Each structure stands twice: as C-alpha cells, then as structure tokens.
Amino acid sequence: MSIFMLYFLKLLIIDFQIFGEKMSFPFFIVNKYIRSNKFSFFFSFISVITILGISIGVTVVIIALSVLDGFDAVISKKIVDFNSHILISGFGERDLNDDIKIDEKIENLLSDQKFTISKFISKNSIIKSKSQTEGILIYGIDPNSNNLGIDNMIVDGSFNLEKHEDKKGIVIGKKLSEKLLVKVNDKLTVFSLRKNDLPSYSNQPAIAQFVVTGIYESGMPEYDDLKAYISLSNAQSVIGMESKISGYNLRLGDISHISEITEILRDDFHHPYYIRTIFQQHQNIFTWIELQKKPIPIVLGLIVLVAIFNIVGTILMNIIERTSQIGILKSLGANKGQILKIFLIQGIYLGIIGIIVGNLLAFGLSELQLNFNIIKLPETVYFLSSAPIVINPFHYLIVSAVALILTILSSIIPSIVASNFKPISAIRFN
C-alpha cells in the first residue's frame with residue numbers, strides 16, 4: 001500500500017469521526033472523492049463525456065417536444081382562426097338555395113350554443129393583373145356577418161369589400177399580390193364561369209373588374225396564394241347566383257363541443273347538405289402534425305440507450321480504477337449495501353448534473369428561437385417561415401423525471417458488481 005493511500009485513509013478516518021454523525025457513510029465517501037483532486041471521478045474526462053451525453057439527450061428530447069407542440073399550437077390556431085369551425089355545403093360542391101328558413105333551422109337546433117353563422121360563395125376563377133395571370137378560389141362573403149377572421153390578418157389597406165370609387169373591392173393574400181405584382185388600389189380582372197355552365201354564346205363567362213382594397217397574410221401559402229375575397233352580393237351578381245350560395249360557415253364559441261354539434265346538425269340536415277368539421281376539412285394538415293410525433297419514441301429510445309451505456313461505462317471504469325480502494329473499505333468494515341450506495345450515488349450525481357445542464361440548454365435554445373427565429377423553414381412545405389417553439393414546463397418535468405429514473409436504473413448493475421468484490425482480491429488488484 002502506497003504512502004499516499006495510507007495518508008488518504010487517515011484523512012478518511014479523521015473526517016468521518018468529525019462528520020460521521022451528520023452524514024451517512026456512502027455520502028461521506030462520495031463527498032471525500034469529490035473534494036479530492038486525486039480521486040475525484042466527478043470532474044474526470046469520462047464523467048464529463050457522460051454528463052454531456054445525458055444533457056444533450058435531455059436537450060434534444062425537450063426541444064423536439066417543444067417544436068412539435070409549437071407546430072400543433074401555431075398551425076392549429078391559424079387554421080381555426082382563419083376558417084369556419086363547421087362547414088355546411090352541398091354534396092359534390094353543388095350550389096344550395098339561399099333560404100332564410102335554413103338559417104332559422106340552424107339557430108333553433110343550436111339555441112343552447114354560442115355560435116355565429118355566415119353565408120358564402122366559393123368558385124374557382126382566374127385573376128389577371130396588368131402583367132400576370134393566376135388561378136384562384138374566389139370567395140364571396142357577407143362583410144356584415146363575416147366570421148372567418150380575415151379582417152384580423154390585414155397587413156396592408158383595409159378589409160373593405162364594398163365599392164371602391166367605381167370599382168368593386170377585393171382582398172387578396174400577400175403571396176398572391178407578390179405573384180401578380182400588385183399593391184393596394186391596383187386593379188384586377190376576375191374571370192369565372194357563370195352559373196357553373198360551360199361558356200357558350202348565350203352563357204358567356206363572367207368578367208368583372210375589382211380594385212385591391214386590402215392585402216392579408218395568414219402565414220399559410222394554402223390561403224395566401226389561393227383565396228381572394230369579395231362581397232357576397234358582388235359574387236352573386238358577377239357569377240349569376242342571385243338565389244344560390246355555396247354554403248354556410250359556422251364558428252362556435254367553444255370549439256370543444258364541435259363533435260356533438262356536428263352530430264346534431266347531421267341528424268337534421270340530409271342530402272344535399274354536406275357537413276364537415278374543420279378537422280375533417282384540413283385532415284391532411286392535422287394528420288401531418290400527428291405523423292411528426294410518431295418518431296419521438298424512437299429518438300427518445302436511442303438517446304436513452306446512449307445515456308445508459310455512458311453511465312454504465314463510466315461507473316465500471318471508476319470501479320476498475322478504485323478496485324483496491326473498494327477492498328480497503330470492505331476490509332475496514334464497509335458492507336455490500338454501503339459499497340453499492342457509493343457507486344449508485346455517483347451515477348445519480350452524474351445524471352442530475354446532466355439533466356440540469358440539458359434543461360438549461362433546452363430553455364436557452366428555445367428562448368433564442370422565440371426571440372431571433374434562428375431556424376428558418378420553407379413556407380411551402382411547413383406552412384411557417386420559422387420553427388415554432390412552445391415552452392411547456394410539463395415537458396421539462398417529465399423528461400427530467402424519466403432521465404433520472406433511467407440514470408438510477410443504469411447505475412444499479414455496476415454498483416452491484418462493485419459491492420460483490422472480495423476484500424483480499426480487490427486489495428491485490430493491480
């Protein structure tokens with residue numbers, strides 16, 4: 001036994017006599033190792049690697065969950081704010097009669113619910129500026145009963161669908177205005193089929209001039225590229241649908257009741273009425289959001305495996321390095337349980353430090369993204385220009401709890417190995 005080992009054991013005995021009554025033996029030994037530069041596993045290279053592995057794993061999982069929640073929250077909010085919650089239209093996109101009795105029937109059926117209702121006309125059309133032509137979906141709505149939230153997304157001009165001087169008003173998306181190279185007060189020409197019939201000598205296409213009164217931006221190309229809004233009365237006169245509409249937009253005061261309200265309407269409205277919820281109208285987007293969440297367990301599993309191997313490897317290397325010290329401790333009276341606790345505490349220390357660092361990294365990166373939009377996204381693919389982040393304390397709590405439990409479990413095996421060493425063989429280990 002070296003002179004340094006004898007000196008270290010002497011320090012252990014003196015310190016334990018002083019602090020033994022306040023600190024259990026395993027914690028006392030771990031504390032001694034931490035305070036000793038020679039024997040400290042806490043700041044060893046392999047321990048730093050282990051801490052980094054755990055912290056990166058925790059960071060990646062928290063960021064992934066935060067981004068997925070961000071996509072879910074932001075895209076869902078945009079879709080819900082921009083569209084009707086329940087759409088009543090005709091099967092096969094056929095037109096419906098503009099009947100006041102239908103409005104009254106809906107109001108009677110949903111008399112105990114808070115909602116708004118608005119008629120609309122929707123037709124595929126062609127829009128032309130001085131230099132560009134695009135295919136669009138012309139949307140006729142009643143400005144007085146509009147409930148689609150477009151007026152809250154105007155970025156230039158105003159939500160004015162009535163006549164602008166001698167021209168009819170039209171509101172278009174920002175992306176569409178960029179394609180057409182137009183701005184507010186510029187003139188546009190809209191071409192559309194009249195009465196849904198093919199053009200003929202007696203049924204010529206509807207052609208009308210509009211002036212851009214407002215430009216909106218929803219942040220979703222599906223709308224900003226495609227939809228242009230005019231007043232319901234203008235749509236009826238231009239397209240020749242004086243007594244027809246395409247359907248009704250219903251917005252609910254509480255969207256959590258959307259399923260039961262939809263069932264009530266379906267029980268009373270049969271052919272030719274077709275009733276869909278917002279989640280059915282945009283099923284592809286909501287399915288895409290759910291699909292993004294599916295790889296998370298796989299990613300989490302791989303990160304967990306790496307963290308477990310790191311912790312097991314670190315503690316096993318530390319055991320090999322301190323085999324003779326384990327033998328000395330056992331010869332001095334330390335039992336299996338105390339030796340097991342020493343190395344178990346080591347694994348927990350590593351895990352806690354890694355978890356804390358991982359949480360701080362995740363929070364810092366989330367704040368950077370929220371404030372500076374570092375990660376940019378192609379809007380045509382992701383519907384957003386930058387990665388959305390939602391800081392949810394529950395994610396931090398659940399990921400930290402799972403990481404700590406796995407840290408404890410992965411520390412048990414090497415700790416059992418250390419506790420089963422025989423004193424004589426351990427002391428003679430070289």
How much accessible surface does Ile405 have with a 1.4 Å probe, in Å² rounded to 10?
100
Correct choice for semi-axes √(5λ) of the Cα gyration tensor in Å that was computed from the model, options (1) 72, 22, 16; (2) 44, 29, 18; (3) 42, 22, 19:
(1)
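Please give the FRET efficiency for Ile405 paired with Phe363, using the beta carbon to beta carbon distance and R0 = 30 Å, rounded to the nearest 0.05.
Details: r = 21 Å, r/R0 = 0.71.
The value I calculate is 0.90.
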Taking the Cα centre of the stretch 221-347 as origin and charging only Cβ (+1 Lys, Arg; -1 Asp, Glu), how large is the dipole, in debye to the nearest 20?
1040
Sort Val58, Val80, Val402 by accessible area with a 1.4 Å probe, largest first.
Val402, Val80, Val58
Percent of accessible area on the chain owned by carbon and sulfur, 1.4 Å probe?
61
Using a 1.4 Å probe on heavy atoms of the protein chains only, the accessible area for Val190 in Å², nearest 10, reads 10
Between the stretch 270-341 and the stretch 213-242, what's the alpha-carbon centroid distance in Å?
50
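Pick out the long, greasy-scoring helices in the chain: whole DSSP H runs spanning 18 Å or more along their own axis by Cα, mean Kyte-Doolittle at least -0.5. List each step's numbers first, then the result.
Details: long enough: 3-19 (24 Å, 2.01); 45-82 (54 Å, 1.82); 296-321 (37 Å, 2.34); 336-372 (54 Å, 1.28); 393-419 (38 Å, 1.87).
Span-like helices here: 3-19, 45-82, 296-321, 336-372, 393-419.
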Could you check the spin-label model distance between Asp99 and Ala73? Points 7 Å from the Cα along Cα→Cβ, value in nm.
4.5
Got a number for the accessible area of Ile348? Probe 1.4 Å, square angstrom, nearest 10.
50
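If contacts are Cα pairs under 8 angstrom and at least 6 residues apart, what is the relative contact order of the stretch 47-194 in percent? Let's see the in-between values first.
On the way: 104 pairs, mean separation 32.0, N = 148.
It comes to 22 percent, rounded to a whole number.
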In Å², rounded to a whole number, the accessible area per residue of the stretch 62-194 with probe 1.4 Å is 49
Whole-number accessible area per residue in Å² for the stretch 232-283, which is evaluated in the context of all protein chains at 1.4 Å:
46
In terms of the alpha carbon gyration tensor, root eigenvalues a ≥ b ≥ c, rounded if a/c is under 1.5 and otherwise prolate when a/b exceeds b/c or oblate, the stretch 69-141 is oblate
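The values are calculated or read from the model by the stated rules, or taken from the named source; none is laboratory data. Please read these numbers as outputs of a predicted model, since none were measured by experiment. For neighbour counting, all protein chains shown are included, and Cβ atoms are generated from backbone atoms with ideal geometry for every residue, glycine included. Calculation scope for accessible area: heavy atoms of the full protein, side chains included, ligands and nucleic acids excluded. Shrake-Rupley method; radii C 1.70, N 1.55, O 1.52, S 1.80 Å.
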